[in-house]
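A short write-up of the structure that comes next.
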Amino acid sequence: MMTRQEALLTAVSVVITLSAGEVASRLLLRRPVRLSDRHNGAPAVPVHVADPELGWKIPVGNAVYRFHATGAKGSVDVHYSIQDGHRATAAQPVQGPLLIAAGCSFTFGLGLDDQDTWPWILQERLPEYHVVNTGTNGYGTDQALIAADRAALESKEPVRLVVLWFGDFHIERNRSTQGVIFFPYPMGKPLFVEDGNGIKSRGLVHFWYPGSLLEHSALVMTAANRMGNMMNRVPSHDGAREVTVRLMREYAKRFQARGTQLAVVIVPHGGDPIPQSKADRRFVEERLRAAGIPVLIPQLPRMPDGRLDEERFLIPSDRTHPNREYNRLVADQMTAFLKDAKLARLR
């Protein structure tokens, strides 16, 4: 039987070991993802609700939300009009075959008034079609395609075209790592992986949260993050890149079987000059073109170092999301692209 002195020495040894591990974690490892990290900046508006397939979605119904956010270089104060669970694309109801705009916050139009989003501008360019904006903040390629497919299946009108806005940053979102899924906590995110020659869903995965007290430990949170990724068997970046392309090709076939065309727009963004971003965009473009999926890479004026001009093209509150000028120029190129490619009988 352990004596009282031995028990005390063991307890002290454990405390010293854990303390040393905590110090080493803070000094040597990258800062772990903590749930409290997501509480910076303005809250997401509209407030999302849980969905068993998508993870989260905009609540079905009609509402107007005010979004106000301030950053180091400026602020935005705008309104979001939600109609039947989607961002509005026109002031009055529009009749005609559907053109579904799919994507993330770039498509939803974070930080923009309704009329400054690209789906609204595209609706003005193509009044004979009914543009539906299924873009939702934080979505990856997987969720964007699922949401577009759901809107197409629910539509009483024929769906001619799905336009997916894809950013290479979606590849990391599609990995569904702990660093991604802490944002929608307690809601989850879909995880797709390779399955032989195709892909399969592992359902929703969630953030591993050991509790508010333990969250302050770098050692505990690092271990929890790594354990979560290991238990979920998240793919590598290259694996997620492959899954991303296969998702697009799979949904293109689904849409085509119902008489709907998928087109992909590979969008510029503030971080796209880096080598990894360039390699990812090139990989996706080549694989999509090989599969016969129409691809547009919009051209915007660049700074001498290859970056986008933040003041000209990005909203001032975060210098990340597109502003009206960005959306207008890209929508003009999209309109010409869709007509020249003879997609969805737009000629």
**Prompt:** Do we find a residue being crowded, with 23+ Cβ neighbours inside 10 Å and more than 20 Å from R254 (Cα to Cα) anywhere in the range 146-161?
**Reply:** no
**Item:** From R302, R289, residue being more than 25 Å from K189 (Cα to Cα), at pLDDT 95 or above and in contact with a Leu (Cβ under 8 Å, 6 or more places away or on another chain)
**Value:** R302
**Request:** Could you run through the range 65-117 and say how many residues are crowded, with 16+ Cβ neighbours inside 10 Å, more than 18 Å from the chain's Cα centre (by Cα) and of a type in the set (S, T, N, Q)?
**Result:** 4
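Please work out if I171 is aliphatic (A, V, I, L, M), touching a His at 6+ places or on another chain (Cβ under 7 Å) and under 26 Å from L296 (Cβ atoms). Show your work before the answer.
On the way: aliphatic (A, V, I, L, M): yes; touching a His at 6+ places or on another chain (Cβ under 7 Å): yes; under 26 Å from L296 (Cβ atoms): yes.
Answer is yes for this residue.
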**Request:** Look through H170, H206, H237 and report the one residue that is free of Cβ contacts under 8 Å to residues at least 40 places away in the same chain, out of contact with any Phe, Trp or Tyr (no Cβ under 6 Å at 6 or more places or on another chain) and of a type outside the set (G, A, S).
**Result:** H206
**Complete:** When (1) in a loop (DSSP other than H, G, I, E, B); (2) over 21 Å from G270 (Cα atoms); (3) within 12 Å of the chain's Cα centre (by Cα) are applied to L145, the one that fails is (1)
**Request:** Under 8 Å between Cβ atoms, at least 6 apart or on separate chains: pull out the pairs that start in the range 280-299 with a residue that is crowded, with 17+ Cβ neighbours inside 10 Å and end on any residue that is acidic (D, E).
**Result:** D280/D168; R281/D168; R281/D272; V284/D168; V295/E285
**Prompt:** Condition test on V49, is it within 23 Å of the chain's Cα centre (by Cα), at pLDDT 60 or above and within 24 Å of W208 (Cα to Cα)?
**Reply:** yes
**Request:** Determine if the range 27-42 includes at least one residue that is at pLDDT below 75 and over 29 Å from the mean Cα position of the chain (by Cα).
**Result:** yes
**Complete:** Filter the range 201-249 for residues that are farther than 13 Å from P190 by Cβ and among the basic types (K, R); the one that is surrounded by the most Cβ atoms within 10 Å (Cβ to Cβ) is R241
**Prompt:** When the range 300-332 is examined, which residues are found to be over 18 Å from E128 (Cα atoms) and in a helix (DSSP H, G or I)?
**Reply:** E310, E311, R312, F313, R324, E325, Y326, N327, R328, L329, V330
**Item:** Conditions (1) within 23 Å of E310 (Cβ to Cβ); (2) in a loop (DSSP other than H, G, I, E, B): number failed by Q95
**Value:** (1)
**Complete:** Selection over the range 250-263 where residues are surrounded by fewer than 18 Cβ atoms within 10 Å (Cβ to Cβ), in contact (Cβ under 8 Å) with a residue 24 or more places away in the chain and of a type outside the set (D, E) yields a count of 3
**Item:** Whichever residue in the range 118-145 is in contact (Cβ under 8 Å) with a residue 60 or more places away in the chain and polar (S, T, N, Q) and, among such residues, is surrounded by the fewest Cβ atoms within 10 Å (Cβ to Cβ)
**Value:** N137
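The values are calculated or read from the model by the stated rules, or taken from the named source; none is laboratory data. In this text, all values refer to a predicted model and were calculated from it rather than measured experimentally. Positions of Cβ are generated from backbone atoms using ideal geometry, with glycine treated the same way; all protein chains shown enter the neighbour counts.
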